[in-house]
Every structure is written in C-alpha cells, then in structure tokens.
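In what follows, a single structure is set out as structure tokens and then discussed.
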Amino acid sequence: MNLALTALFLATTLSAFMIALSFWLPLLTPDHEKLSPYECGFDPVGSARLPFSLRFFLIAILFLLFDLEIALLLPLPWAVHLANPLITFYWTSAVLTLLTLGLIYEWLQGGLDWAE
C-alpha cells in the first residue's frame, strides 16, 4: 500500500512539474505566420471558390489505401499459430499482389505524377 501511494504521489508531482514547466519554458514570439490558420496547403486568404487539383485527393486516397493495407498486415505474425497458416499466407499474397498491380497501373497511367 505504501509503495502504491508513493508511486501515485511521484507520478502526480512529476506531472504537475511538467505541466508548469510547459507554461514557462516556451518562447512566446507570435508573428504573422504563427498566427495565420493552416488550411491543408491552401492559401487561406482570398476566395474560397478557387478550383484546385483533384490529384491531391487521388494521392490522399492512395495513401489511405496503403495505410489500410499496413493495418491489415499487422496481425500476420500471429497467424503462424493458426491451425493452417498457409491459407493466411495465400490470402495475404493475393491481397498484396492485387494492391501491387493496382499501384503499377496507377503509376503507368501517370496518376502519381504530382505536376502535369
């Protein structure tokens, strides 16, 4: 019980010290760039109805697709403990092959070129 109270006191004291330090430590020198809003690479000054490139959204969708692929591949090391790990290997190979072929197709079509 005494060890738990000591750990709780130490964690609370350390947290309070770090919070207080974060208020006093930074140099507060606001300028025009720091005070302006960040709008995902678009200039926030001017008309909001300006056209923009749809390639930005294509790149974003491709990033999300491959990010999802990584999330789906994360549990694979635990698949070796299944009854038949070869089935998991075959499905993983099929998904990776399909995504690789899609990436090659996008690359050959010029969909990954940022500038025209």
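Summary of computed values
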item	result
Residue list for the stretch 51-94, restricted to those being closer than 24 Å to Asp113 by Cβ, among the β-branched types (Val, Ile, Thr) and at pLDDT 80 or above	Ile61, Ile70
Matching residues, the stretch 86-116, being more than 24 Å from the chain's Cα centre (by Cα) and surrounded by 13 or more Cβ atoms within 10 Å (Cβ to Cβ)	Thr88, Phe89
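The values are calculated or read from the model by the stated rules, or taken from the named source; none is laboratory data. Quick caveat, the model's predicted, so the values are computed rather than measured. With ideal geometry, Cβ positions are generated from the backbone for all residues, glycine too; neighbour counts draw on all protein chains shown.
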